[in-house]
Amino acid sequence: MKDKFDIPSEVSDGSAETRSHTKKSGFMPMLIAVAASFIFFVTALCFAIINNNNNNNINNNDNKVQSESSQPVNTTTSQSEASSDEPSSENQQSSEPTESKNSDRLIAVNLPTGLNFRDMTKIGEDTLLARCDGDFILFDINSYEIKNRISRPDGMRYQKIDNGFVIIDPGRESYSYDIYDVDGNLIKHVDFPTRKLEGEQLDRYSVTELPTISPDTFVVSADGKKVFYASSKGYCTNTVDLDDETVIQPAKDFNGGFEEFYQMSSPVLYKDDIVYGTASIYNPTEAKNERYFASFNLKTKEWSAYYKYKKDQQLFVMDNFVEDSFIIGDMGADQRFTEGKLYYMSVGDKELKELQCEESIESVNYYISGNAKYILTAYEHQEENTGIDLDWGIKLYDTKTGEILLKKEIFFYRLIVYIDEATRKLYIENGTQFYVLDF
């Protein structure tokens with residue numbers, strides 16, 4: 001019988017994929033990761049089609065911003081110029097921002113064409129990092145000029161750390177990971193250890209070598225000094241150079257059946273000796289796996305399960321840029337059948353908090369700020385029976401008071417948001433248009 005941490009998993013086209021598991025068989029995290037990736041792909045495709053039909057419009061009707069503490073945005077800027085591998089000049093648009101006619105707090109910036117954002121975060125004092133189709137883009141938030149462009153194929157995992165970011169390659173180009181500083185300079189490249197395939201395995205896989213650790217469970221600590229992952233040995237920590245492995249929870253602990261232990265199937269943050277993410281445990285009574293938002297203390301080996309996911313609920317930050325906050329809602333759910341509640345917490349909290357949205361449909365599309373001070377939701381109202389859009393927009397909540405600080409009519413399909421708590425600014429990418437909004 002193979003143990004729970006059997007590595008490698010199935011490989012197709014040179015990339016690691018997932019082998020399904022029963023109660024007594026191997027390690028299960030990648031099944032959830034593949035399913036989540038498929039759902040993300042289908043959702044993104046639908047959003048892209050709808051967004052194309054609506055041509056990334058912003059409704060120009062007056063809509064008063066409900067915060068009075070903000071100051072107008074300085075719109076002085078320069079022409080956007082990409083790095084040496086930027087698109088050709090005919091595919092570029094001016095980066096000069098223009099103010100909305102109906103708000104002194106909203107400016108629009110034309111970025112080069114083809115920059116369809118998937119995720120966005122702030123690194124350093126004046127840099128936004130965005131994952132686009134085929135590229136990681138770093139651009140200055142004062143001049144809106146592209147500072148650096150890192151071309152990497154789709155399928156990469158990535159995360160934010162204190163002084164930069166990490167790109168994890170699960171086999172698209174090689175089994176490895178790269179650490180970059182806040183300017184996008186490569187400061188460390190590390191190859192995952194691999195083993196050669198032999199005999200019948202060569203017929204089963206499209207590659208001749210596979211990593212001995214699981215790239216899908218690999219996460220770098222927030223300070224950039226250590227890593228956590230699963231391997232055939234169990235759950236392990238190591239240095240960023242992978243030269244001092246410590247087994248935290250041996251695979252032999254799971255030989256009795258994995259209803260006895262949680263499985264950290266999708267770690268998203270490793271900070272202060274604690275790993276946070278989606279974990280699973282087998283329920284023998286119902287003969288199915290139950291999914292939780294949980295943490296694993298690597299010093300005490302204690303698990304904390306904060307929340308059991310309901311149908312259609314998931315942790316929003318899977319494989320995205322994570323800071324010190326987490327949020328759970330009804331992503332992928334039909335908007336007609338949501339409860340309108342968002343569950344959230346910060347690193348160090350003992351339990352989840354709850355935000356009751358003004359409307360139930362807001363618990364489907366949402367973003368949270370780095371320390372969980374603010375939550376942004378998106379909504380749309382459709383005409384009954386016809387499905388025709390009547391109106392749409394975003395709302396920004398103060399999580400402490402529940403007050404709506406801002407309400408704005410912005411079309412939310414293909415919406416990517418970063419909430420800057422320190423400067424009280426929203427950075428919004430909406431298809432091919434980029435906006436900055438004070439609150």
Exercise for review: For residue 339, indicate whether it is over 24 Å from residue 168 (Cβ atoms), part of a loop (DSSP other than H, G, I, E, B), in contact with a helix residue (DSSP H, G or I) (Cβ under 7 Å, 6 or more places away or on another chain) and not β-branched (Val, Ile, Thr).
Suggested key: yes
**Study point:** Enumeration of residues in region 123-165 that are closer than 16 Å to residue 179 by Cα, in a loop (DSSP other than H, G, I, E, B) and touching a residue at least 60 places away in the same chain (Cβ under 8 Å)
**Key:** 162, 163
Practice item. Please find, within region 95-136, the residue that is modelled with the lowest pLDDT out of those that are basic (Lys, Arg) and under 18 Å from the mean Cα position of the chain (by Cα). Key: 118
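Matching residues to (1) at pLDDT 90 or above; (2) surrounded by fewer than 21 Cβ atoms within 10 Å (Cβ to Cβ):
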residue: 138; (1), (2): yes, no
residue: 142; (1), (2): no, yes
residue: 147; (1), (2): yes, yes
residue: 159; (1), (2): yes, no
Practice item. Return a yes/no flag: does region 338-345 have any residue that is open to solvent by less than 40 Å² (accessible area, probe 1.4 Å), under 22 Å from residue 377 (Cβ atoms) and free of Cβ contacts under 8 Å to residues at least 24 places away in the same chain. Key: yes
Review point. Hey, among the residues in region 246-262 that are assigned to a loop (DSSP other than H, G, I, E, B) and either open to solvent by less than 10 Å² (accessible area, probe 1.4 Å) or modelled with pLDDT of 95 or more (or both), which one's farthest from residue 218 (Cα to Cα)?
Key: 257
Point to revise | Answer residue from region 388-430, given it is closer than 19 Å to residue 117 by Cα and β-branched (Val, Ile, Thr) and is modelled with the lowest pLDDT among those | key: 410
Review point. Yes or no: residue 265 of a type in the set (S, T, N, Q), modelled with pLDDT under 90 and open to solvent by less than 40 Å² (accessible area, probe 1.4 Å)?
Key: yes
Revision key, fill the gap. The residue that is nearest to residue 131 (Cα to Cα), considering only those in region 165-178 that are in contact with a Leu (Cβ under 9 Å, 6 or more places away or on another chain) and not hydrophobic (A, V, I, L, M, F, W, C), is 178
Exercise for review: Please work out which one of (1) assigned to a helix (DSSP H, G or I); (2) at pLDDT below 90; (3) crowded, with 20+ Cβ neighbours inside 10 Å is the condition residue 216 fails and give its number.
Suggested key: (2)
Point to revise | Residue that is more than 25 Å from the chain's Cα centre (by Cα), open to solvent by 20 Å² or more (accessible area, probe 1.4 Å) and at pLDDT 95 or above, where the choices are 191, 243, 181 | key: 243
Review point. Which residues, taken from region 275-297, are more than 19 Å from the chain's Cα centre (by Cα) and surrounded by fewer than 21 Cβ atoms within 10 Å (Cβ to Cβ)?
Key: 281, 283, 284, 285, 286, 287, 288, 289, 290, 297
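The values are calculated or read from the model by the stated rules, or taken from the named source; none is laboratory data. Given the structure is predicted, the values throughout are model-derived calculations rather than measurements. Counting neighbours? That spans all protein chains shown, and the Cβs are built from the backbone with ideal geometry, glycine included. Accessible surface areas use protein heavy atoms only, side chains included; no ligands, DNA or RNA. Shrake-Rupley method; radii C 1.70, N 1.55, O 1.52, S 1.80 Å.
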